[in-house]
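Trainee: Sharing a structure below in structure tokens format, with a few things to ask.
Readers should treat all values here as calculations from the given coordinates under stated rules, not as data from a laboratory. Because the structure is a prediction, the values reported are computed rather than measured. Note that each Cβ is placed from the backbone with ideal geometry, even for glycine, and that neighbours are counted across all protein chains shown.
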Number of protein chains: 4
Amino acid sequence: PSGLFPDQTSKNNIVIQADFTLTFQCYKQALLMQENGLFIGEVLVLDIRLHPDFSILQKISRFYVSPFLVRKIFKPRHRFAHKGQFGHSLLMVGSYGKMGAAVLAAKACIHSGIGLLTCYLPSCGYLVMQLAVPEAMVITDQHENNISQLPEELDKYNVVGVGPGLGTSPETQHTISFIIRRGTKPLVIDADAINCLAQQKELLKHLPKLSLLTPHPKEFDRLFGLHENDFERMETAEKKAKELQVIIILKSHHTLIATPGGQSYFNSTGNAGMAKGGSGDVLTGIITALAAQYEPFEAAVLGVYLHGASGNLAARVISFESMTATDLVNHISGAFQELYPSAP
Amino acid sequence: PSGLFPDQTSKNNIVIQADFTLTFQCYKQALLMQENGLFIGEVLVLDIRLHPDFSILQKISRFYVSPFLVRKIFKPRHRFAHKGQFGHSLLMVGSYGKMGAAVLAAKACIHSGIGLLTCYLPSCGYLVMQLAVPEAMVITDQHENNISQLPEELDKYNVVGVGPGLGTSPETQHTISFIIRRGTKPLVIDADAINCLAQQKELLKHLPKLSLLTPHPKEFDRLFGLHENDFERMETAEKKAKELQVIIILKSHHTLIATPGGQSYFNSTGNAGMAKGGSGDVLTGIITALAAQYEPFEAAVLGVYLHGASGNLAARVISFESMTATDLVNHISGAFQELYPSAP
Amino acid sequence: PSGLFPDQTSKNNIVIQADFTLTFQCYKQALLMQENGLFIGEVLVLDIRLHPDFSILQKISRFYVSPFLVRKIFKPRHRFAHKGQFGHSLLMVGSYGKMGAAVLAAKACIHSGIGLLTCYLPSCGYLVMQLAVPEAMVITDQHENNISQLPEELDKYNVVGVGPGLGTSPETQHTISFIIRRGTKPLVIDADAINCLAQQKELLKHLPKLSLLTPHPKEFDRLFGLHENDFERMETAEKKAKELQVIIILKSHHTLIATPGGQSYFNSTGNAGMAKGGSGDVLTGIITALAAQYEPFEAAVLGVYLHGASGNLAARVISFESMTATDLVNHISGAFQELYPSAP
Amino acid sequence: PSGLFPDQTSKNNIVIQADFTLTFQCYKQALLMQENGLFIGEVLVLDIRLHPDFSILQKISRFYVSPFLVRKIFKPRHRFAHKGQFGHSLLMVGSYGKMGAAVLAAKACIHSGIGLLTCYLPSCGYLVMQLAVPEAMVITDQHENNISQLPEELDKYNVVGVGPGLGTSPETQHTISFIIRRGTKPLVIDADAINCLAQQKELLKHLPKLSLLTPHPKEFDRLFGLHENDFERMETAEKKAKELQVIIILKSHHTLIATPGGQSYFNSTGNAGMAKGGSGDVLTGIITALAAQYEPFEAAVLGVYLHGASGNLAARVISFESMTATDLVNHISGAFQELYPSAP
């Protein structure tokens, strides 16, 4: 649209509010940025038949996550597979009044191919989880309302996901600090765990290598300082992913996945019906399951894609307004099915 | 039907019990009144092709809520929308033995497009809500069985809905009185909150401007005195809406929405399958969600219409007898879908 | 089948085990008796075109419940109906470890057109009911594990159903004895309430007129003494219904409804998939709802028919083995729909 | 595939990894073994028209479970059946944090044709079970977190299933030891009950005749010593089944059922989507229901087949990754329906 810079912020520009934006060959960066949402309307990419070698020759470090890319990551199950092959994840989630976030993360995890799931919860979450997710095992903290320490035998889990519904009580902050400092395996870090991290920034350098962080823009800014616009935010994410050797998943309409190797990926799935409480908890559950079955980078790209694809499938039968995080969980199955070799 | 006055009560008349009533151009008032339900049977409006300017020239202050009107109010979601744009509602609901009403209101709210929902409950409702509605956050009152005080940070919520399942204990009455007196933002007031109001009528004049009240006829009469017939009740509603500068939603087969500006609206959706406990709680939940996204008057008209439309969609697959309030919730999605620009 | 008496027991006979039994014009009594189940196979009634007046001229007191009869009883809802017209029932149900029976009865009641439902439970049932049936209000007994007294304001309920899951603790027996002695309105009496009655047979003569008892054959024999065969049981049921002026619903494949007026009715719906725990609780819930909307005799015939019809609808999609009482509840809606004037 | 021995382990061989394996007339043993899963790909059995008498003349003791065999075992329900004919099972299941396993076993049992089900649980499981499975009755142990003693009136149950979610606390081990020593009726023994048995091997010789044990390979090795390969494991299973006069169900892709009479059966149903926590609990529930209706050997073959068939039906609509144990339960109904005489 006239007035919109393709590769830098247009915040001070006068820009046309287009109903449709036509663009040549591939998405331009500006078309993927939240801040330009009001200007670009529907985007149509016109194939102008550039020679395929051209894009290979470019030093491209930012990619758009296509179904083709995701299918290359996805590993269909072998017929004789047994549950030991799909890992055992631990979710450290929940606090008094926020057990729903814990339930949503656990359900999403169970629906994303994990072999076994254990949930570590404050005592007040015991009944909630046992009833809502019979497939999950539960260990409770001795603290009634908040997680205040680490579970035993932490090393037996392939992946640990922390964050959804934790709250930011001192004892929980202390626990999060502890698991980050001791951890050798990658962690999945979301929501209140990110907020805890933002309040103890010295922890950032202790993050286990290849950990996955899933901030939304506000959490991102709490973590890495205020940003003027989405372009700056993208650059910080890319810089910090390299510097800290972690994977940063900056949630947005086109979620950005920045990797330690310097590549970053813009997600292509999802919709406005997912713009409500609980969506993020579902993403954490999906990634916590996938990280037990895939490399962290693969888990990030696959997880973010499946999360949005679940939302798109849900939107075929449920209105944007009425779609819930539970609906997302219920459509993860269909999102996986679209990746099967025989899927249309 | 012979014997039925079109614009005043016919309670003392001898009236034909018609199977079908044909009426010219538009509904007459008598055809919308509960008290005439037995006389009019099915109503068919015959288009006699009055010039459209005619109705515009009339000083009409009472309207029939058409799908056309509702679609003008409804705002489809923008593609890049995020949850911050859809508000954060608070529901103050529930008491010992009536937590079902709280659950129904919360589910309805979650299915009506709210960004975030927090429920303020008596302690006895903690597990019920966390299990039934994982998408909702929960804060509990220190009182076990009833709400006895206000939650902290009341100002951070865009809308507060009070009433479903509250009971009328002294501590709850006190709390309702308190929130009405302090409130600056509009409240959604239903059920036992209306009964509390009826017992402390001096509170009426403290109602925050543009609050939404949803009495059924008995609650209405408790609030504003006994009425002989539905015509008188309508006039009182219209008078009080202006006087108190609130929106009065008088529930009935054709629910009446009386506004501070003097216009009133008769709803066109709904059916006899909704005539059971819990339907009203669902309406409160819908309106509490919409009032965080729309002007109060728009939330009222849209909410009442969607509530009835959900019932009509439910009735396509469920018998009137077996339809539950939970079924209403499950069909809110379809009711929204009917408003989409592309819907048939 | 050769060897089978049409109108008396054949217990000592040698009888052919037929795959199909053809019978003229109408069911013979022997074809409706549980004890003959093994002999008769599928029954086909051949219409031999007796003059309709013939059956009217006979002094028939035993009827087969046809869809035609049931549709005469059924009252479709009026468009302007409101919840006050459909009554307020009370279910006194449940004890420690048997709250499932309470839940099933309550769900069935809610799906059978009741306006409002209140459940009176031992304290241990509080959370179970509030979570499982949000549409029901709950009052709890001060006793943790058993019902030990009557709720207040018993007279405000249109119907009281007692029995499912109650257990036979002394305090519960005492309570049942109390409600029977004081009661003026008809009661619905099932399961453990029948067992309590069997242990205090002097209560039988205090049963409120037109109460509905729903024993299965073993409970029936505990109540009225051992019987040799189903024919004797039928005759006792008819005798006792007249003597006690109650309606006796003797559950079986063709459930018998014996009325105070001397007529009795054999039900025509149901199947072997319903032969499991919980089916009876669902029947009690249905009848407790209907008795608030219909005459007791009508509630009995309609309720037994709908219960079996729900099972038949469930059997179209669920195997006999896997069908649960919850599945029955979920198909009550379809059973009502079959009674609508426009149903095929 | 070249390099694969048909009837002994090929662990030290170099073997082709085939995409497809064609085999004449019937499955060779090596094609049914987990350890060969990577080599054989899809297996196609080519009918080379051996004379049917040929296989009868062979002294075959290992069978492949065909739908034909299973339909011979399956008994359709008689029209006049009542719940007393389908038995009353007891499940001793659950411990703190593992109540989900108990719920899954109970749900599976309820969906597999049982007349009545009682669950014996630690106290912490009370609410979970009453809410999740209203069709089940509950008795609780006085111990909060673990089963510590036997329920009363153990002899009134037709079958007792023990194991899912029990944990291996000393008091539970003691209880399991006790029920094994006293038992006269066959038990269904799974999961932690097998682990308890493995820690007190002297109990093996006290196992009630025709008990059913359902170990996965790791549990099997704990019970009977480490095995080098699946062929050895098969032979031990067959030997131990004869020696202890029990039925050993060795879970795997092609689950092996070894019987006291020396025959063994390889199951033909199931898929990789079942490779996750909870699947085994569902199997225990199914077998505990069937053992109350069938001979133990029949219950084993029918149960294992139905369990896998449920998984196959689930896989038609749900992805392997998202399939849960709850989904298995929901498809037991369809698995039964496939056995009906009229099924396609």
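Trainee: Taking a label point 7 Å out from Cα toward Cβ, give me the nm distances from C:LEU69 to the same spot in the other copies, shortest first, one decimal.
Mentor: From this label point to the equivalent ones elsewhere in the assembly: 5.0, 5.0, 7.1 nm.
Trainee: Could you pull out the pairs from D:LYS185/D:LYS251; B:LYS28/B:LYS59; C:LYS218/D:LYS185; B:LYS205/B:LYS240 whose alpha carbons sit more than 18 Å apart here? List each step's numbers first, then the result.
Mentor: On the way: D:LYS185/D:LYS251 23 Å; B:LYS28/B:LYS59 15 Å; C:LYS218/D:LYS185 26 Å; B:LYS205/B:LYS240 10 Å.
Too far apart for the 18 Å limit: D:LYS185/D:LYS251; C:LYS218/D:LYS185.
Trainee: Along the Cα→Cβ direction, 7 angstrom out, place labels at C:ARG181 and D:LYS11. What is the inter-label distance in nm?
Mentor: Label at C:ARG181, label at D:LYS11, 7.7 nm between them.
Trainee: With a/c under 1.5 counting as rounded, go ahead and sort the stretch B:120-177 into rounded, prolate or oblate using the C-alpha gyration tensor (a ≥ b ≥ c being the square roots of the eigenvalues; past the cut-off, prolate if a/b is larger than b/c, else oblate).
Mentor: Working: a/c = 1.78, a/b = 1.17, b/c = 1.52.
Note, shape of the stretch B:120-177 comes out oblate.
Trainee: The stretch B:171-230: which GluC sites (Glu not before Pro) are DSSP loop and have at most 16 other beta-carbon atoms within 10 angstrom?
Mentor: B:GLU228
Trainee: Let me ask something else about it. In debye, nearest 20, what is the charge dipole magnitude of the stretch C:40-181 about its Cα centre with +1 on Lys and Arg Cβ and -1 on Asp and Glu Cβ, if you could check?
Mentor: I would put it at about 740 debye.
Trainee: Using only the alpha-carbon atoms, how far is helix D:99-110 inclined from the longest principal axis of chain D? Give it as 0 to 90 degrees, nearest 10.
Mentor: Helix D:99-110 and the main axis of chain D meet at about 70 degrees.
Trainee: Which value, in debye to the nearest 20, describes the size of the charge dipole of the stretch D:262-344 about its Cα centre when Lys and Arg Cβ atoms bear +1, Asp and Glu Cβ atoms bear -1, and nothing else is charged? Display every interim value, and only then the final one.
Mentor: Working: 2 positive and 6 negative charges, 27 e Å.
It works out to roughly 120 debye.
Trainee: Build a GNM of chain C with springs between Cα atoms under 10 Å: which of C:ASN12, C:ASN158, C:ASN330 gets the top mean-square fluctuation?
Mentor: Fluctuation is largest for C:ASN12.
Trainee: While we're looking at this one, here's another question. Rounded to a whole number, what is D in µm²/s for the stretch C:235-344 from Stokes-Einstein with the Kirkwood radius over alpha-carbon pairs (25 °C, 0.890 mPa s)?
Mentor: 172 µm²/s
Trainee: How large is the direction-averaged shadow of the alpha-carbon convex hull of the stretch A:45-200, in nm²?
Mentor: For the stretch A:45-200, the mean projected area of the Cα convex hull comes to 13.3 nm².
Trainee: Let me ask something else. What FRET efficiency do you get for C:LEU226 and C:ILE139 if R0 is 30 Å and r is their Cβ-Cβ distance, rounded to the nearest 0.05? Intermediate results must be reported in sequence, preceding the final value.
Mentor: Working: r = 39 Å, r/R0 = 1.28.
Step by step, r from the Cβ atoms, then E = 0.20.
Trainee: Tilt of helix C:230-244 relative to the longest C-alpha principal axis of chain C, in degrees (0 to 90, nearest 10)?
Mentor: 50 degrees
Trainee: Could you give the spread of the C-alpha atoms of the stretch A:1-101 along their three principal axes, from largest to smallest, in whole angstroms?
Mentor: Principal-axis extents of the stretch A:1-101 (Cα, largest first): 55, 47, 25 Å.
Trainee: Could you state the per residue volume, in Å³, of the convex hull enclosing the Cα atoms of the stretch D:258-301? Walk me through the numbers on the way to the answer.
Mentor: Numbers: hull volume 3.6 nm³, N = 44.
So the per-residue hull volume is 82 Å³.
Trainee: Which value in deg cm²/dmol, rounded to the nearest 500, describes the helix-derived mean residue ellipticity at 222 nm for chain B, given -39,500 (n - 2.57) per DSSP H run of n ≥ 4 and division by the residue count?
Mentor: Roughly -11000 deg cm²/dmol at 222 nm, from the helical runs in chain B.
Trainee: How big is D, in µm² s⁻¹, for the stretch A:145-187 by Stokes-Einstein at 37 °C and 0.692 mPa s if Rh is the Kirkwood radius over C-alpha pairs?
Mentor: Diffusion coefficient, whole number: 300 µm²/s.
Trainee: Sort C:59-68, B:299-308, D:279-288 by packing, meaning the average of other beta carbons within 10 Å per residue, with the highest value first.
Mentor: Averaged packing, sorted descending, gives the order D:279-288, B:299-308, C:59-68.
Trainee: Under a point spin-label approximation (7 Å from Cα along Cα-to-Cβ), what is the D:HIS174-C:ASP19 distance to one decimal in nm?
Mentor: Reported label-point gap for D:HIS174 and C:ASP19 is 6.0 nm.
Trainee: While we're looking at this one, here's another question. Per residue, what volume in Å³ does the convex hull of the Cα atoms of the stretch C:115-246 enclose? Don't skip to the end; give the middle numbers.
Mentor: Numbers: hull volume 14.7 nm³, N = 132.
Per-residue hull volume (Cα only) is 111 Å³.
Trainee: Magnitude of the Cβ-charge dipole of chain B, K/R +1 and D/E -1, about the Cα centre, nearest 20 debye?
Mentor: Charge dipole, chain B, about its Cα centre: 740 debye, nearest 20.
Trainee: Given the C-alpha centroids of the stretch D:249-277 and the stretch A:101-160, what is the distance between them in whole angstrom?
Mentor: 31 Å
Trainee: What gaps in nm, shortest first, separate A:VAL43 from its twins in the other copies when you place the label 7 Å past Cα toward the beta carbon?
Mentor: 5.1, 5.1, 7.2
Trainee: Relative to the longest principal Cα axis of chain D, at what angle does helix D:170-182 sit, 0 to 90 degrees, rounded to 10?
Mentor: The answer is roughly 80 degrees.
Trainee: Name the residue, out of B:HIS216, B:HIS78, B:HIS174, whose mean-square fluctuation peaks in a Gaussian network model built on chain B with Cα pairs under 10 Å.
Mentor: It is B:HIS78.
Trainee: To continue, here is another question. Round to the nearest 0.05 the FRET efficiency obtained for A:GLU235 and B:GLN263 when R0 = 35 Å and r is the Cβ-Cβ distance. Provide the component values of the computation, followed by the final result.
Mentor: On the way: r = 53 Å, r/R0 = 1.51.
So, using R0 = 35 Å, E works out to roughly 0.10.
Trainee: With unit charges on the beta carbon (Lys/Arg positive, Asp/Glu negative), name the residue among A:PHE86, A:LEU131, A:CYS109 whose Cα is farthest towards the positive pole of the charge dipole of the stretch A:60-149.
Mentor: Checking the options against the dipole of the stretch A:60-149, the answer is A:PHE86.
Trainee: Let me ask something else about it. Less than 11 Å Cβ to Cβ from D:GLY84, Lys/Arg counted +1 and Asp/Glu -1: what total charge do the surrounding residues give? Write out the running numbers ahead of the final one.
Mentor: Details: positive: C:LYS218, C:LYS276, D:LYS83; negative: none.
After counting each charged neighbour, the total is +3.
Trainee: Using a 10 Å cut-off around each Cβ of peptide D:73-80, what is the average number of partner chain Cβ atoms that fall inside? Write down the numbers at each step before the final one.
Mentor: Details: counts 0, 1, 0, 4, 7, 6, 11, 13.
Mean partner-chain Cβ count within 10 Å for D:73-80: 5.
Trainee: I've got another one for you. Expressed as a whole number of Å, what is the distance separating the alpha-carbon centroids of the stretch A:1-63 and the stretch D:200-217?
Mentor: The distance from the Cα centre of the stretch D:200-217 to that of the stretch A:1-63 comes to 67 Å.
Trainee: At a Förster radius of 25 Å, what calculated FRET efficiency corresponds to the Cβ-Cβ distance of B:LYS75 and A:GLU42, to the nearest 0.05?
Mentor: Approximately 0.90, to the nearest 0.05.
Trainee: Compute the Cα gyration tensor for the stretch A:49-115, then decide on rounded, prolate or oblate, letting a ≥ b ≥ c be the square roots of its eigenvalues: rounded whenever a/c is under 1.5, prolate when a/b is larger than b/c in the other cases, and oblate in all that remain. Could you put the intermediate results ahead of the total?
Mentor: On the way: a/c = 3.89, a/b = 1.79, b/c = 2.18.
It comes out oblate by the Cα gyration axes.
Trainee: To two decimal places, what compactness ratio does the protein assembly as shown give when its Cα radius of gyration is scaled by 2.2 N^0.38 Å?
Mentor: On the way: Rg = 33.4 Å, N = 1376, 2.2 N^0.38 = 34.3 Å.
Normalised Rg, Cα atoms only: 0.98.
Trainee: P(r) for chain C, please, calculated from all Cα pair distances in 10 Å bins and given in %.
Mentor: 6, 25, 34, 24, 9, 2, 0
Trainee: Next question. Can you list the distances in nanometres, one decimal and ascending, from the D:GLY225 label point to the identical position in each other copy, with the point 7 Å along Cα to Cβ?
Mentor: Counterpart label points of D:GLY225 in the remaining copies fall at 6.9, 6.9, 9.7 nm.
Trainee: Tell me the net charge near A:SER123. Cut-off is 9 Å between Cβ atoms, A:SER123 excluded, with +1 for each Lys or Arg and -1 for each Asp or Glu.
Mentor: -2
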